[in-house]
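Participant: This structure is in structure tokens; I'll ask about it shortly.
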Amino acid sequence: MPSDEELEEARVVFTALADRTRLKLLHALRGGEELCVCDVAHVLGMSVSAASHHLRKLRDLKILKYRTDGRMAYYSVKDRFAAKLVEQALKQAGR
């Protein structure tokens, strides 16, 4: 059996992925490309600050990685398993 700590970490990740906006965000980044915060905001139809909040949450969970270039922050998928999990869940939902 997994430890309570391992189970809690898994619960936190699934809770983060249960958010519709974060699912959309991972779907947008699934191809491995980088997007800046403003591009993510545009694609998802939300404010830059809201997009930044969701990106930061996924980055803190080590699902996304980011780099900065001057004042711009670029995000991409770090955890391919999480991205595949979202992709599979969306395929199942589409059946």
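Participant: Given the criteria among the acidic types (Asp, Glu) and either surrounded by 16 or more Cβ atoms within 10 Å (Cβ to Cβ) or at pLDDT 95 or above (or both), does Asp19 qualify? Lay out the reasoning, then the answer.
Facilitator: On the way: among the acidic types (Asp, Glu): yes; either surrounded by 16 or more Cβ atoms within 10 Å (Cβ to Cβ) or at pLDDT 95 or above (or both): no.
Taking the combined requirement at face value, the residue does not satisfy it.
Participant: I would also like to ask the following. Look at the range 1-24 and say how many of its residues are within 15 Å of the chain's Cα centre (by Cα) and either polar (S, T, N, Q) or over 26 Å from His53 (Cβ atoms) (or both).
Facilitator: 2
Quick grid of which residues meet (1) assigned to a helix (DSSP H, G or I); (2) polar (S, T, N, Q); (3) exposed (fewer than 12 other Cβ atoms within 10 Å of the Cβ):
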| residue | (1), (2), (3) |
| --- | --- |
| Glu6 | yes, no, yes |
| Leu26 | yes, no, no |
| Gly32 | no, no, yes |
| Met46 | no, no, no |
| Lys57 | yes, no, no |
| Tyr75 | no, no, no |
| Phe81 | yes, no, yes |
| Gln88 | yes, yes, yes |
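Participant: Evaluate the range 8-22: report whether one residue or more is free of Cβ contacts under 8 Å to residues at least 40 places away in the same chain and among the β-branched types (Val, Ile, Thr).
Facilitator: Narrowing the range 8-22 to residues free of Cβ contacts under 8 Å to residues at least 40 places away in the same chain: 8-11, 14-15, 18-22.
Restricting the remaining residues to those that are among the β-branched types (Val, Ile, Thr) gives 15, 21.
Within the range 8-22, one or more residues are free of Cβ contacts under 8 Å to residues at least 40 places away in the same chain and among the β-branched types (Val, Ile, Thr).
The values are calculated or read from the model by the stated rules, or taken from the named source; none is laboratory data. Every value quoted in this text rests on a predicted model; they were computed, and no experiment measured them. So basically every Cβ, Gly included, is an ideal-geometry build from the backbone, and we count neighbours across all protein chains shown.
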